[in-house]
1. Out of all the residues in region 432-477, which are part of a loop (DSSP other than H, G, I, E, B) and touching a Ser or Thr at 6+ places or on another chain (Cβ under 9 Å)?
2. Only one of G124, G161 is buried (at least 24 other Cβ atoms within 10 Å of the Cβ), farther than 23 Å from K327 by Cβ and modelled with pLDDT of 95 or more. Can you tell me which?
3. Out of A356, A408, A344, which single residue is crowded, with 19+ Cβ neighbours inside 10 Å, of a type in the set (G, A, S) and over 30 Å from S178 (Cα atoms)?
4. Filtering region 173-231 down to residues that are among the charged types (D, E, K, R) and under 25 Å from R386 (Cα atoms), which residue is surrounded by the fewest Cβ atoms within 10 Å (Cβ to Cβ)?
5. If the Cβ limit is 7 Å and pairs must be 6+ apart or interchain, which residue in region 22-46 that is at pLDDT below 95 pairs with which residue that is among the charged types (D, E, K, R)?
6. Could you list, in sequence order, the residues of region 367-376 that are in a helix (DSSP H, G or I) and either surrounded by 15 or more Cβ atoms within 10 Å (Cβ to Cβ) or touching a Lys or Arg at 6+ places or on another chain (Cβ under 9 Å) (or both)?
7. Before we move on, is A406 without any contact (Cβ under 8 Å) to a residue 12 or more places away in the chain, over 30 Å from A356 (Cβ atoms) and part of a helix (DSSP H, G or I)?
8. Are there helices (runs of 4 or more DSSP H) fully within region 268-355 with at least 3 residues that are over 22 Å from N368 (Cα atoms) and in the same structural domain as Q420 (by TED's automatic domain parsing)? List them.
Amino acid sequence: MPKFFLVIQWILFWRALGSGACTVDTQSLHQLLSSDSIFGNSSTAPRWSDYGAPQPGAVIHPATEKDVQLTVRWAVKNEVPFFVQNGGNGWATTFTLGCDGIAIDLDLLRDVAFSDDRKLVTVGGGALISNVTAAGSRNGALVATGTCDCVGMQGAVLGGGIGYLTGEYGLGVDNVVSMNVVLADGSAEIVTWKSSPDLFWALRGAGPNFGIVTSAVFKSHPIGSSNLGTAWTGALVYTPAQLDSVLRVISNLTLTPPMSLSMTWALGDTGQPSIIVSVFYHGTEDAGRAAFASILGIGPVADGTGIVPYNMWNAGSASACAKGGRKPTWGVGMSRLDPASWHAVYDVWAELVGHAGFEHSSVLLNVNPMDTARELPVFSSSFPFRHTVSHFASITALYTDPTLDAMALSYGQKARELWQSADGLVHHSTYINNALGDEDLTTVYGISLLRLRALKKRYDPQCQFGQWFPLPCENVP
C-alpha cells in the first residue's frame, strides 16, 4: 500500500481515539488483510440517509474477495458484529449496529468484466450501477440494472432488481448465473442453481440474510441491429392542474416489454409542485411516442425526451444521489394505480412540503411490464411478488433536523395507509429495497417467508447477517 494511504489510516484511527469516540480495535485484522485494504471510520463510507443509519466503530474496505472472507472470519472469532454495504443507499430502520461493530464496505471491489461473446458479465461486489452501465457501453452490451446510478448493483439485485429492461429481460434475480459468496462462518462458495439450489434461491430476493456476494456473473445482452444501445427516454413535466389526467392515463396504460414509466412529485425551482413523468422506450423515437401517445396527449408543459445512449439512461437519477440528510422512505407495492387514493396521497405530500424543512421531500412511482418476469414460476427465486406487483410507490421525507422525525413519520405512515387501502392485492406487499423497516416480515418476504426462515436456520443459525430485514435464527425463539 502506498505510504500516503497508511498515513491517512493512522490519522483517522488516532483522531477517533483522541476524541473519545467509540471505536473497534482492528489492529489484529490489519495483519491479516492485503496491503491495499483500507481501514477507516464512518466518514469513509457515508450513507444515503442518516435516519436510523448504522453507527459502526470502524469501516473496513477489503481490497480482494479473500480479504472479505478473512474479515468475516475475524469478526466471528472476535464476536464483533458487522454489516456490509456497497452503495450505502439502504434506508431501512432495521439496522442495529453500533460502535462496537464494523462496516464492511465493498467499494474497492468494483471491477466489471465481460466474456468474449458479451453474453456474460462478472460484476464485483462493490460495483455501482454506473460502473456496470459504463462498462456495458464500452463493450457493446446491455445488462439489466436498476435505474439509479449510485446504487450498488449487487444490493439492488439481491432484493429483486427492477429497472428499464425488466420488461425485456426479467428481474435482476432472473439474470444471475452464479455468485461468489462469503457465508456466515467465513467460508467461501461459488453458488449456482446446480451447486446449491436452496442457497441460490434464497440469495436472489433475500441475499443480505445469507451471505456477502463478493462478485456475481450475470447474463448480458450484446448490442446489435435487433438490440439497440439507445432508447427514447426523458422527462415530461405537468402541472398540478393536470394531475387527475395524468393519474387517469397511467391507470389505463398497458406497458409492453420495451416500455417503462416513472412519476415523481417534487417542488420545482420556483417552489411550485411539479408532476414529472419519465418515459422510457427501448427503440426508436417514433415507436416511443406512439407507445406513450396517451401521456403526451395531456400536453406536458416541458418535454425533455430524446434518443439517449445506454450509459446515460439513468442520468435523471443524479439529483437523488446526494449522501446525508434524514430520508425515511415508505414503500408500497401495487397491482394497479388507483387515481382516487393517489390524489389523496398528493394532498398529503403537498401538505408535507409546505412545512419548513421538508421542501425537498418527494414521491416516486415506478411501473414496469412484468410479462417476461412472469414467464418464470413464482418460486423460481425468493423474490415473492413477480406475479402480483407491477407498480412500486414510495414517499421520501427529506429533512435534516432530527426534531422533525415525528412529523415525518406521521406523514409517511398516512401516505402508506392510503396507498395500501387500494393496492389491489390480497396481502399488502412491499419491495424490500423500498421498505422502511417497520413492516411485518410477511409484507416484504410474502409467500417465501416460511422457506426463508428454515434456510436461515441452516445457513446462519447465529444471525451473523442480521441487519437487513433480519429473519429469525436458530438461537432466536
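1. Answer for region 432-477, where residues must be part of a loop (DSSP other than H, G, I, E, B) and touching a Ser or Thr at 6+ places or on another chain (Cβ under 9 Å): A435, L436, G437, D438, E439, G466, Q467, W468, F469, P470.
2. G124
3. Among A356, A408, A344, only A408 is crowded, with 19+ Cβ neighbours inside 10 Å, of a type in the set (G, A, S) and over 30 Å from S178 (Cα atoms).
4. Applying the filter and picking the extreme gives K194.
5. Filtered contacts from region 22-46: V24/D100; A45/D105; P46/K323.
6. Result: A373, R374.
7. No: the conditions fail for A406.
8. Helices (runs of 4 or more DSSP H) meeting the threshold: 339-353.
The values are calculated or read from the model by the stated rules, or taken from the named source; none is laboratory data. On a predicted model such as this, the values are computed, not experimentally measured, just so you know. Heads up, the Cβs are rebuilt from the backbone with ideal geometry, glycines too, and the neighbour counts pull from every protein chain shown.
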